[in-house]
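Here's the structure we're looking at; comments come further down.
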Amino acid sequence: LRTGHAKWGVVELRFQPLAAPGWLGIITSPIVLLVSFTASASFIAFTIYLGKMLQHLDPSRAVPRRVRSALDTLAEGLLVVDKDERIVLANQALGSWVGQDPAQLLGRKISELPWVRQEDAAAADDPWSQAVKEGGPLAGIELGLQRSDADEVRLLMVNATPVLGQDGNYRGVLISLDDVTQLETTKRELQVSKVAAENANRAKSDFLARMSHEIRTPMNAILGYTDVLRQGFDESISDRQDYLDTIHFSGEHLLALINDILDLSKIEAGHLDLELQPVAPYPLLDHVVSVFRARAAEKGIQLELAWDGPIPATIVTDPVRLRQTIMNLVGNAIKFTEHGSVRLVARVATDNGRPQLAVDVVDTGIGISQDAIEAIFNPFSQADTSITRRFGGTGLGLAISLQLAEALGGKIDVTSTLGEGSTFTLTVDTGPLNEVEMCSAADAQSTGASPDASPRTTLRLPPGRALVADDGEANRKLLQLVLGRAGMTVVAVEDGRQAVEAAREQEFDVILMDMQMPVMDGYTATRTLRAEGCRLPIIALTAHVMQSDAAKCREAGCTGFLAKPIDMEALVSLVADQVNFADDGQPCTFDEDEVKQVVAEVLEAMQTSFQQRDFARLASLASSLHEAATVFGLHEYTLGTTRLELAARRADRHECRAILATLLGPQAEPTLRTSALEMNLELPPSDLPHVAAPIRSTLPADDPEFCEIVVEFVEKLHAKLDEMQAALEDGQWLELAGHAHWLKGSGGTAGFHDFTVPARELELSIRSRDIAGATRGLTLLRAIVGRIALPENAHPVA
Ligand code: ADP
């Protein structure tokens, strides 16, 4: 600087750039900075906004409408999810399954849908995640899907396929879902019915196996022992009686089994008809006890009946079914008790205000384990087969009893301790008891004496007239006999028409009408009589035992019904019930002598019919004797009469004669033999060998010494046969047996083997005292002897 021209000072100017030189300057320039800031802020805001936008946008709109509606018509459900497993497409079917509009599902995570996973699959990945992991399609995975607005769960079969973009990268998953609810239900139902069918099949096989066992066991005894008896080995009388007892017992067991099965099937088919009527409970229980008294005594156990509290004079129930149930419980108690006692304690109880009769059957027997108690009421089940097999039984009794108890308005309860005993409590409805007289045990005991205390006691009927109409001579005779002995006068006719005529012409107090008769059957005869104003009691007799048959008889006008074979005691008491006799029937006993005489009469009649060759009459007499034998417990006649009836029906003279010989005893043999000879009981021609080919000895008869043996044998044979004939006619069985035995051995020795078998058979017939068989055997032997051709070098036999 100059002042004027002079230098005054110096001013120094320095310059500095505003920004860094080069790029740095540009970058750090505020404008650039401003622009960069604004740009990055906008970018961030945009990205967030776009993401949100995209989430809310319907990407399925990208699907053309036609395709969309096609997808909606599919029955299968369809879902597309993106990489984040958010739903980007759902069709109508799927929406309807979850109960929502498909549009509402978009953008939601697929896992938010109400899936129902099976328990064992809970831990596993969902099929779509799994498909992604495995990088390939996955098919047939089962999943449940619940409707949001209902309890209903649909069973779906899920297929998942990963979707790849054009670049080959994974974009999402396509999921198709098939509704298999119906299919699965059907499958399960099928499975259930398959199991049920298998169970039923197993039950059927079990049933058959048990039935076959139950039937075979007594059958074996029957066949085995009858065979032993038929062979006629030398058993003692008491052995024979034992065998017959076993056979009888086995037969009874079979019958019980069949009755049980029929009962059970009737109950199960709902055909159980109850006949409710007033019943005095004390005598009924007393009767059951009296029936079992002998069996209990045999086992040395006490059997008693006690009543707790007052006893109703009558209750309304079905006496037959009630008795059957109590009999079963008491029978079991005695069966499963070896020591101690069986007690019946009865009382009046109530169930929901209804009066009931309760009977405890208390035993000190083997008891039942807690596990088995449930099962014993099932058909065929036994608590412990190993133990109970020892006691026998079918395992049906309790099943039937329980059903009967339920039908009678009650039930059966059990308490039991293994090894100590059991208590079975039966309850049944009694009907209202307000107006029923209550009595003490002493009164009940004195008024209601057991009807069967003495099994052979029967009522003596006051004089009266009975008309018996039956086409079977045997039945007529039997009815005549029983009613006659009970004190009635009996007129017997053979068919319905005769019955109608007799009833018109004569006075009767009761008519016993067989329902199946020739000329006019019992139904028509009864109807005719009723139409004519006949008011007599008419008791129907029929072999049909169904309830419906009884009803049919009642419809025709019968007042009573008896099933054949007729229980004679029931017959007499029914007649006593139905007829208004002037004075009351007094009990009386058929004494043994009377019974014996009746039997002797029938036996004699049989012998006569045999002599007269009246086989039809013989058959009917046999059946009549069979019935009498059953009624009066004459077991020695029960078996023989049945066989005789069958043989007589076949008109088999030999068999009839043999059976008659056993039935009539040795004193009848001469008469029988005479009639047999008169009847010419020789071998029927058909039994004789047709071609009488000569028989030669197998010994070398050309050798003189052998020839001599043969000739000697043949000579002796002729003499033997004559001796045998004589022995047979004189009833010398021992002698006869000796000859037959000789023949059996020596025939073969002499080279005549044809004799061995007939001689053995003859011997068997002789052992069983079978006259017919022996006669036939001898005739056959004679025929064989007649065919013997002697060796040429032999001297002819005289
Ligand atoms: P069953 O006696 O013919 O075998 P049930 O149906 O009458 O048939 O009885 C079934 C099973 O219940 C018997 O086999 C037995 O195991 C058991 N049971 C029944 N009553 C008694 C009882 N009083 N004591 C012990 N066990 C019993």
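The values are calculated or read from the model by the stated rules, or taken from the named source; none is laboratory data. Not measured: the values here are computed from a predicted model. Heads up, the Cβs are rebuilt from the backbone with ideal geometry, glycines too, and the neighbour counts pull from every protein chain shown. Side chains are part of the model used for accessible areas, which takes the heavy atoms of the whole protein and leaves out ligands, DNA and RNA. Shrake-Rupley method; radii C 1.70, N 1.55, O 1.52, S 1.80 Å.
Data table
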item	result
Some residue of segment 109-132 being over 54 Å from the mean Cα position of the chain (by Cα) and touching a residue at least 60 places away in the same chain (Cβ under 8 Å)	yes
Answer from Phe424, Phe391, Phe380 - the residue that is modelled with pLDDT of 90 or more and either open to solvent by less than 60 Å² (accessible area, probe 1.4 Å) or within 8 Å of the ligand (Cβ to nearest atom) (or both)	Phe424
Single match in Leu190, Leu177 (criterion: of a type in the set (A, V, I, L, M, F, W, C), open to solvent by 60 Å² or more (accessible area, probe 1.4 Å) and within 30 Å of Pro137 (Cβ to Cβ))	Leu190
Residue satisfying all of: in segment 317-346; away from the ligand (no atom under 11 Å from the Cβ) and basic (Lys, Arg); modelled with the highest pLDDT among these	Arg343
Residues located in segment 626-675, provided they are assigned to a helix (DSSP H, G or I), open to solvent by 40 Å² or more (accessible area, probe 1.4 Å), touching a Lys or Arg at 6+ places or on another chain (Cβ under 9 Å) and at pLDDT 75 or above	Arg653, Glu655, Thr662
Any chance Val348 is assigned to a strand (DSSP E or B) and on the phi < 0 side of the Ramachandran plot	yes
Pair list, Cβ under 6 Å, 6 or more apart: segment 323-346 residue free of Cβ contacts under 8 Å to residues at least 60 places away in the same chain, other residue within 8 Å of the ligand (Cβ to nearest atom) and hydrophobic (A, V, I, L, M, F, W, C)	Val330/Val361; Lys335/Phe391; Val342/Ala333; Leu344/Val361
In segment 750-761, the residues that are touching a helix residue (DSSP H, G or I) at 6+ places or on another chain (Cβ under 8 Å) and in a helix (DSSP H, G or I)	His753, Asp754, Phe755, Thr756, Pro758, Ala759, Arg760, Glu761
Residue among Arg61, Arg65 that alone is within 29 Å of Gly168 (Cβ to Cβ), modelled with pLDDT under 85 and open to solvent by 80 Å² or more (accessible area, probe 1.4 Å)	Arg61
Conditions (1) surrounded by fewer than 22 Cβ atoms within 10 Å (Cβ to Cβ); (2) under 44 Å from the mean Cα position of the chain (by Cα): number failed by Ala502	(2)
Residue match in segment 429-442 (condition: more than 15 Å from the ligand (Cβ to nearest atom), modelled with pLDDT of 70 or more and of a type in the set (Val, Ile, Thr))	yes
Matching option when the condition is without any contact (Cβ under 8 Å) to a residue 60 or more places away in the chain, farther than 30 Å from Thr226 by Cβ and open to solvent by less than 10 Å² (accessible area, probe 1.4 Å), among Phe713, Phe706, Phe752	Phe752
Unique residue being under 28 Å from Gly232 (Cα atoms), touching a Leu at 6+ places or on another chain (Cβ under 9 Å) and surrounded by 19 or more Cβ atoms within 10 Å (Cβ to Cβ) when the list is Ala772, Ala701	Ala772
